[in-house]
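Remarks on the structure that follows.
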Amino acid sequence: MKHAAWLLLVGALLLGGCQQPAKPAASPSTSTSTVRKAPAKRAQAKKAAAKKSSAAAKTPVAATIVSQLHQSGHQSLVYAPLGDSLSVGLFADSRQSRFTSLFAASLGQAVGKPVTEKGVAVVGKTAANLGVPSIATIVSQQPDIVTIEFGTNDAVGGASDTVLTAFRQDLVTIVNQLQQQTHAQLILMTTWSPANGQYIASDQAFDTQIKAVGRQYRVPVADLRTIWQGNASVTGPAGQTLPDFAQWGTRDTFHPNQRGHQAIADLLMKIVRQPQ
């Protein structure tokens, strides 16, 4: 019996030694990290998108003159053109269809507020004999927007250094004083000339001064040359009598006709819609 029991014990030990040890269970951390990779990537993507959206929200949108006038606290606006015969309206079909009136109407529609046209404009005048002396009048009108249109008559006296320096100083005085004494948006306008370019050399010299003042004081410039140069359709035909402007003679081939006035108004509207 003892011998048999001993044999059974030895057999059991031998069988136990032949069995392979059980493999340890896979580490829970390995499978968990694999599963968590996707949510982590999604979280990072959301964070990056939120950061990008926040940065975009902080980036300022360039304001336009239209947007600034729309956001102003005024329920209605005042437009004050300051200039010579172009601003008077020669030779549109009527006063109601001159560029200043067309611009006022279009601006009112764009801003969503009524626009009253005031200003100071006299045939044949210059920056020196009308512009500077009229600063106080323009200020008293409490304008929201002013167009400054000089140079065409100023150029009649030639384009010497002395004349150009004086013109620029007058223009600087007008712009500087209006910026200091009003909250108005200002727009400078270059000279108007016949399509045949008979005054082009002198006009270019004055236009250069106007654009330089615009850059110096950050005032947009309406370049009328883009309308009249080589384009005879924006003046004439000569000899037509226009009741609203009959006191200054008949329509000529120098001043803008109705097409010319519409083009000027369109150019001004383009400027007020551009980011400043």
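Only the coordinates and a few stated rules stand behind these numbers; no lab work does. The shown structure was predicted, so the numbers you read here are calculated from the model rather than taken from an experiment. Heads up, the Cβs are rebuilt from the backbone with ideal geometry, glycines too, and the neighbour counts pull from every protein chain shown.
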Q | Other-chain or far-sequence residues with amide H under 5 Å of Leu186's (modelled H) | A | Val146
(Q) Please report the net charge: other residues with Cβ closer than 15 Å to the Cβ of Ser101, K and R +1, D and E -1. (A) -2
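Classify the stretch 132-276 as rounded, prolate or oblate, taking a ≥ b ≥ c as the square roots of the eigenvalues of its Cα gyration tensor: rounded when a/c is under 1.5, otherwise prolate if a/b is larger than b/c and oblate if not. Spell out each step's value before the answer.
Numbers: a/c = 1.63, a/b = 1.37, b/c = 1.19.
Since a/c reaches 1.5 and a/b is larger than b/c, the shape of the stretch 132-276 is classed as prolate.
Would you mind ranking Thr100, Thr116, Thr64 so that the residue whose beta carbon has the fewest other beta carbons within 10 Å leads the list?
Numbers: Thr100 26, Thr116 14, Thr64 17.
Ascending Cβ contact count within 10 Å gives the list Thr116, Thr64, Thr100.
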(Q) Cut-off is 10 Å between beta-carbons; in what order do Lys125, Lys113 appear when sorted fewest neighbours first? (A) Lys113, Lys125
Q: Give the residues of the stretch 252-273 whose amide nitrogen is closer than 17 Å to a point set 7 Å from the Cα of Val123 in the direction of its Cβ.
A: 252-258
Q.
Roughly how far apart, in whole Å, are the Cα centres of the stretch 61-76 and the stretch 241-256?
A. 36 Å
Q: Post the alpha-carbon centroid distance, the stretch 89-118 to the stretch 125-157, in whole angstrom.
A: 18 Å
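Calculate, for Gln71 and Ser140, the FRET efficiency according to 1/(1 + (r/R0)^6) with r their C-beta to C-beta distance and R0 35 Å; round to the nearest 0.05. Write down the numbers at each step before the final one.
On the way: r = 25 Å, r/R0 = 0.70.
Efficiency computed from Cβ-Cβ geometry: 0.90.
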